[in-house]
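Written below as structure tokens is the structure these notes are about.
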Amino acid sequence: MAESIGILIVFFFILVFGFSFYSKISETQYSSKRQEDLSKKAIDLAQIIAFFPEVKCSLGTEEEVIVTDVCIDKYKLESVKKVIVANPDYYYKIIMYANVTVWEIYPDKKNWILYYKVPTVGESEFYSRKTRIYIPVSLYNATAETKLSESDVNTKYAFGYMVVEAYLK
């Protein structure tokens, strides 16, 4: 009788130890999967914003328009803020909660807040995870003069980066 009780105690001890070990492993995998999902969402969001027709560079004449990739027009950046403010529901469906800022670092230092919508105090408990992604971009100035000689700085193009802070449930 005592042997049976001893075997049952050892069995339940091994069962509890195995269950606790399994739950720790599952929690770690869930945490890494959640962080991976958040990073993927931020990268997807950055790609969507980088390819918005509202901000993409377009070169050429009225008859032949050439659209370039990973290039953002500075003047479109100025005007797209007004479009986003005028249509907040449309852009919320696409972007949700995020903070998108474009920074110019060469030749000038300037920034544009493209989209800013963070969770409110009541929603912040649901959107507690946040990630930040940096994407290099070329900024195009359509009205700048082209480079005249080798010593002149080409001000038609500038270098910058886009920062996307995405929030996830």
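What the table below lists for this structure:
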| read-out | value |
| --- | --- |
| Test set (1) touching a helix residue (DSSP H, G or I) at 6+ places or on another chain (Cβ under 9 Å); (2) under 19 Å from Tyr127 (Cβ atoms) - Ile84 fails condition number | (2) |
| Set Tyr134, Tyr90: member being loosely packed, with under 14 Cβ neighbours inside 10 Å and closer than 25 Å to Ser31 by Cβ | Tyr134 |
| Test for Tyr140: is it aromatic (Phe, Trp, Tyr), farther than 16 Å from Ala46 by Cα, modelled with pLDDT under 85 and surrounded by 16 or more Cβ atoms within 10 Å (Cβ to Cβ) | no |
| Residue in region 23-38 that is surrounded by 11 or more Cβ atoms within 10 Å (Cβ to Cβ) and within 30 Å of Tyr157 (Cβ to Cβ) present | no |
| Residue among Tyr90, Tyr116, Tyr134 that is at pLDDT 90 or above and out of contact with any strand residue (DSSP E or B) (no Cβ under 9 Å at 6 or more places or on another chain) | Tyr90 |
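The values are calculated or read from the model by the stated rules, or taken from the named source; none is laboratory data. Keep in mind it's a predicted model, so treat the numbers as computed, not measured. So basically every Cβ, Gly included, is an ideal-geometry build from the backbone, and we count neighbours across all protein chains shown.
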